[in-house]
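Inspection log for the structure reproduced underneath, given as structure tokens.
The values are calculated or read from the model by the stated rules, or taken from the named source; none is laboratory data. Here the structure is a predicted model, which means the values were calculated and not measured. Please note that ligands, DNA and RNA were not included when accessible areas were found on the heavy atoms of the full protein model with its side chains. Shrake-Rupley method; radii C 1.70, N 1.55, O 1.52, S 1.80 Å.
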Amino acid sequence: MATAIAQLVYLAFIPSHATAQTVYTCAALLCVFVNLCGKRLLLSRTLKNFKLVSNADAKQSCFVMDERTADKIAPEQIGNPIVCGQKSVINLQNYVHNSMCEDPSDTVSRVLSPIALAVIAIAGIIAWVSTSNMTFVFQTIAAFGAVVVPVATLIATNLPLSTLCRSLREKGALVSGYNSVKEFANVNSAVIEDEDLFPQGSIDLVSVKALGTKQLDEVLMLTAAVAISAKGAFADVFDRMIEGRRESLPCVYALSCCDGMGIEGEVEGHKVKFGNRKFMMNEHSVNLPDEEFDNKMSRAGNFPYYIAVDGELCALCLMRHNNIVDTDNLNYIRRMTKAGVDIYVSTCDPYITPELISELFSVPQKKVYILNNAQRQAYELASRPSENGESLIAHNNSAAAFSCILAGVKRVKTRIIYGVLLQILLT
């Protein structure tokens, strides 16, 4: 723009030379307009995303785990595992900084601007040496000033980001800026809670059968306390059973999860165990139905959960996964795995397996892993809820949004690189 103004000022003092000159002011104004469009995209994205940042509701702030934690959680990954997790927060910090951070357009401008100035200066010197005509010199520097600067790099960076953010806002999610893309584009593993994959209402209680001498109502109340304390997908079944009156439940102590079997804890002096047949085999085989019963129930789509209290097998609950696959979850989780992200599921449910998730969500079984007890504890430590969290990427508690973000940042990074590279090649 400066070179075009210099030419225009020069011709204003010598108007007789203007008729034979090409004036580059319009080209320079077009460059400024394109630059302003890029800045408008940046500001518009920042303002519209702020709706999620400014509300006082709990949100999920996503983060990349440190190398030590990642090695514990995803040892199956070849090379360095880059694991993305999420934690519940109220406030998202550093939003303006992350939204206005340096991006490839800034990097390219910082490198190319001195080069462009040098090229313009050299062109002006050559024009003066060859012609000694100041009119031609000003025309030359204006022409080079309009051509050698990659003016659309700001659009090349912000247009893909703005497009992604527009689709994410519909799902209650945000990517704040290029820092987010740089941080999360190389993620190859993501941890998802089972209750995100199987939201409320996903699992139905088909039937309950008493197997021991204890009162069934008391047994179910003790089991509800343990199941709800353990959280997870099956907790919603017991929450509905007690009609959401969690305050009436007794306290649970020594809660633990046994890999692939179930959960146990102490409630009001009683030791309660809730899980599959394998969990009950060693200590509670009395009254335990034969293995064919379990196989028959599984073939019918029902999962048998056994309850034992103080060493006595007390009840059998049959549960069914009913209409559990949300269309958004299905589409975006599949898209995330196709983008190269493996799924690590945190669950205490013995029936949530890689086979089940592969079947329900149409993803390759080799892309799904279930966290064991040690891995789950490492993740819980890293993802403890806090009041404040980073604003790089965040969402309103949606597995679909989480998956869409991770797939989106990978796609956007590629588009930004190609866009900026094309701008450089065209200058």
Whose amide H sits under 5 Å from the amide H of ASP349, counting only residues 5 or more places off or on another chain, with H placed in the peptide plane? none
Show which lysines lie in cross-link reach of LYS209 when reach means a straight Cα distance below 20 angstrom and same-chain residues fewer than eight apart are skipped. LYS271, LYS273, LYS278, LYS296
Straight-line reach from LYS59: which lysines fall under 16 Å, measuring Cα to Cα and dropping same-chain residues less than 8 apart? LYS51, LYS87, LYS171
Estimated vicinal HN-Hα couplings, Hz - segment 76-90 in sequence order (Karplus 6.51, -1.76, 1.60; Gly, Pro = x): 6, 5, 7, x, 8, x, 10, 9, 9, x, 8, 9, 7, 9, 9
In sequence order, what are the phi-derived ³J(HN,Hα) couplings for segment 375-392 according to the Karplus relation 6.51 cos²θ - 1.76 cosθ + 1.60 with θ = phi - 60°, rounded to whole Hz, with x for glycine and proline? 5, 5, 5, 5, 5, 4, 5, 6, 10, 4, x, 8, 6, 10, x, 6, 9, 4
Which far-off residues, 5 or more places away or on another chain, put their amide H under 5 Å from the one on LEU255, with H placed in the peptide plane? GLU266
Segment 294-385: percent of C-alpha pairs farther apart than 24 Å? 37 percent
Per residue value of the accessible surface for segment 186-265 (all protein chains in place, 1.4 Å probe), Å²: 46 Å²
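Run the accessible area of segment 318-419 with a 1.4 Å probe and give the carbon-and-sulfur part as a rounded percent.
Here it works out to 45 percent.
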